[in-house]
Amino acid sequence: MSEFQEIFPRGGENTAFARYFVGKSYLNMLSTEQVPIGNVTFEPGCRNNWHIHRAARGGGQILLVTAGRGWYQEWGKPARALRAGDVVKIPANVKHWHGAARDSWFAHLAVEVPGEETANEWLEPVSDADYSQLD
(Lines give C-alpha, C1' and ligand atoms only; values in the text may rest on other atoms or scores of the structure.)
Protein backbone atom coordinates (compact mmCIF):
# COMPACT_ATOMS: atom_id res chain seq x y z
CA MET A 1 0.00 0.00 0.00
CA SER A 2 3.05 2.29 0.09
CA GLU A 3 2.50 3.42 -3.54
CA PHE A 4 -1.14 4.22 -2.80
CA GLN A 5 -1.32 7.87 -1.76
CA GLU A 6 -4.78 9.29 -1.25
CA ILE A 7 -5.20 13.02 -1.76
CA PHE A 8 -8.56 13.27 0.03
CA PRO A 9 -9.23 11.81 3.48
CA ARG A 10 -10.59 8.29 3.43
CA GLY A 11 -14.06 7.99 4.89
CA GLY A 12 -15.42 5.32 7.13
CA GLU A 13 -16.39 1.88 5.92
CA ASN A 14 -19.24 2.21 3.44
CA THR A 15 -21.72 0.08 5.39
CA ALA A 16 -24.80 1.89 4.01
CA PHE A 17 -24.06 0.55 0.51
CA ALA A 18 -22.11 -2.61 1.44
CA ARG A 19 -24.79 -4.87 -0.06
CA TYR A 20 -23.97 -3.38 -3.48
CA PHE A 21 -20.23 -4.13 -3.28
CA VAL A 22 -18.02 -7.21 -3.35
CA GLY A 23 -15.32 -6.43 -0.77
CA LYS A 24 -14.91 -3.36 1.43
CA SER A 25 -15.25 0.21 0.28
CA TYR A 26 -14.94 3.49 2.17
CA LEU A 27 -16.91 6.70 1.58
CA ASN A 28 -16.18 10.32 2.45
CA MET A 29 -18.81 12.71 1.12
CA LEU A 30 -16.84 15.84 0.18
CA SER A 31 -19.99 17.69 -0.89
CA THR A 32 -23.67 17.03 -0.30
CA GLU A 33 -24.86 20.45 -1.52
CA GLN A 34 -25.09 21.76 -5.09
CA VAL A 35 -23.32 18.74 -6.62
CA PRO A 36 -22.82 15.58 -4.54
CA ILE A 37 -19.18 14.45 -4.61
CA GLY A 38 -17.96 11.37 -2.77
CA ASN A 39 -14.42 10.16 -2.29
CA VAL A 40 -14.78 6.40 -2.71
CA THR A 41 -11.90 4.10 -1.75
CA PHE A 42 -11.88 0.40 -2.68
CA GLU A 43 -9.70 -2.28 -1.10
CA PRO A 44 -7.94 -4.60 -3.57
CA GLY A 45 -10.50 -6.74 -5.40
CA CYS A 46 -13.46 -4.61 -4.31
CA ARG A 47 -15.97 -3.59 -6.95
CA ASN A 48 -19.52 -2.35 -6.99
CA ASN A 49 -22.42 -4.19 -8.59
CA TRP A 50 -23.65 -3.40 -12.05
CA HIS A 51 -25.82 -0.30 -11.71
CA ILE A 52 -27.55 2.45 -13.64
CA HIS A 53 -27.83 6.15 -12.82
CA ARG A 54 -31.37 6.76 -14.05
CA ALA A 55 -32.50 10.22 -15.17
CA ALA A 56 -35.29 11.61 -17.30
CA ARG A 57 -33.00 14.49 -18.29
CA GLY A 58 -29.36 15.24 -17.47
CA GLY A 59 -27.93 13.03 -14.77
CA GLY A 60 -25.21 10.43 -14.93
CA GLN A 61 -21.90 10.38 -13.10
CA ILE A 62 -18.31 11.47 -13.57
CA LEU A 63 -15.43 9.54 -11.99
CA LEU A 64 -12.14 11.36 -11.32
CA VAL A 65 -9.52 8.74 -10.49
CA THR A 66 -7.19 9.96 -7.75
CA ALA A 67 -5.11 6.91 -6.71
CA GLY A 68 -4.37 3.26 -7.39
CA ARG A 69 -5.50 1.01 -10.20
CA GLY A 70 -9.03 0.02 -11.08
CA TRP A 71 -11.56 -0.88 -13.73
CA TYR A 72 -14.65 0.58 -15.39
CA GLN A 73 -16.97 -1.35 -17.67
CA GLU A 74 -20.17 -0.59 -19.53
CA TRP A 75 -22.56 -3.42 -20.32
CA GLY A 76 -21.62 -5.13 -23.60
CA LYS A 77 -18.21 -3.41 -23.83
CA PRO A 78 -14.71 -4.44 -22.73
CA ALA A 79 -13.47 -3.30 -19.32
CA ARG A 80 -11.26 -0.20 -19.26
CA ALA A 81 -8.22 -0.04 -16.96
CA LEU A 82 -8.08 3.09 -14.78
CA ARG A 83 -5.19 4.94 -13.11
CA ALA A 84 -4.77 8.23 -11.26
CA GLY A 85 -5.66 11.14 -13.54
CA ASP A 86 -8.23 9.23 -15.63
CA VAL A 87 -11.71 10.67 -16.10
CA VAL A 88 -14.79 8.56 -16.85
CA LYS A 89 -17.96 10.28 -18.06
CA ILE A 90 -20.91 7.96 -17.48
CA PRO A 91 -24.09 9.00 -19.26
CA ALA A 92 -27.44 8.55 -17.53
CA ASN A 93 -29.21 5.24 -18.11
CA VAL A 94 -26.03 3.26 -18.93
CA LYS A 95 -25.45 -0.03 -17.09
CA HIS A 96 -21.90 -0.16 -15.70
CA TRP A 97 -19.62 -1.04 -12.77
CA HIS A 98 -16.30 0.20 -11.38
CA GLY A 99 -13.83 -0.94 -8.77
CA ALA A 100 -10.28 -1.84 -7.79
CA ALA A 101 -7.86 -4.14 -9.52
CA ARG A 102 -7.24 -7.44 -7.72
CA ASP A 103 -3.84 -6.31 -6.43
CA SER A 104 -4.31 -2.57 -5.84
CA TRP A 105 -6.22 -0.15 -3.69
CA PHE A 106 -8.23 2.29 -5.80
CA ALA A 107 -9.81 5.70 -5.15
CA HIS A 108 -11.97 8.02 -7.21
CA LEU A 109 -14.18 11.02 -6.75
CA ALA A 110 -17.75 10.19 -7.77
CA VAL A 111 -19.49 13.31 -9.04
CA GLU A 112 -23.25 13.01 -9.41
CA VAL A 113 -24.35 15.01 -12.45
CA PRO A 114 -27.51 17.00 -11.68
CA GLY A 115 -30.60 15.89 -13.54
CA GLU A 116 -34.35 15.46 -13.41
CA GLU A 117 -36.03 12.41 -11.88
CA THR A 118 -32.69 10.84 -10.92
CA ALA A 119 -32.28 7.56 -9.06
CA ASN A 120 -29.69 4.80 -8.80
CA GLU A 121 -30.77 1.32 -9.81
CA TRP A 122 -28.53 -1.35 -8.24
CA LEU A 123 -28.32 -4.64 -10.12
CA GLU A 124 -26.43 -7.95 -9.97
CA PRO A 125 -22.81 -8.32 -8.80
CA VAL A 126 -20.02 -8.56 -11.35
CA SER A 127 -19.36 -12.29 -11.53
CA ASP A 128 -16.14 -13.65 -10.04
CA ALA A 129 -15.52 -15.44 -13.36
CA ASP A 130 -15.71 -12.20 -15.37
CA TYR A 131 -13.72 -10.20 -12.82
CA SER A 132 -10.94 -12.82 -12.59
CA GLN A 133 -10.27 -12.44 -16.34
CA LEU A 134 -9.12 -8.82 -15.86
CA ASP A 135 -5.38 -8.19 -15.49
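The values are calculated or read from the model by the stated rules, or taken from the named source; none is laboratory data. These numbers were taken from a predicted model, which means no experiment stands behind them. In this analysis, Cβ positions are derived from the backbone assuming ideal geometry, glycine residues included, and neighbour counts consider all displayed protein chains. Ligands, DNA and RNA are excluded from the accessible area calculation, which covers all protein heavy atoms including side chains. Shrake-Rupley method; radii C 1.70, N 1.55, O 1.52, S 1.80 Å.
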Q | lysines whose Cα lies under 21 Å from that of K77, excluding same-chain neighbours fewer than 8 positions away | A | K89, K95
Q) Hey, any idea what % of the range 23-87's accessible area is carbon plus sulfur with a 1.4 Å probe? A) 50 percent
Q. With θ set to phi - 60° and the Karplus curve 6.51 cos²θ - 1.76 cosθ + 1.60, what are the ³J(HN,Hα) couplings of the range 109-114 in order, to the nearest whole Hz, using x for Gly and Pro?
A. 8, 9, 9, 7, 6, x
**Q.** Lys, Arg +1 and Asp, Glu -1 on Cβ, resulting dipole of the range 1-121 about Cα centre, debye, nearest 20
**A.** 360 debye
Q.
If you take every residue apart from C46 with its C-beta less than 14 Å away from the C-beta of C46, what net charge results, scoring Lys and Arg +1 and Asp and Glu -1?
A. +2
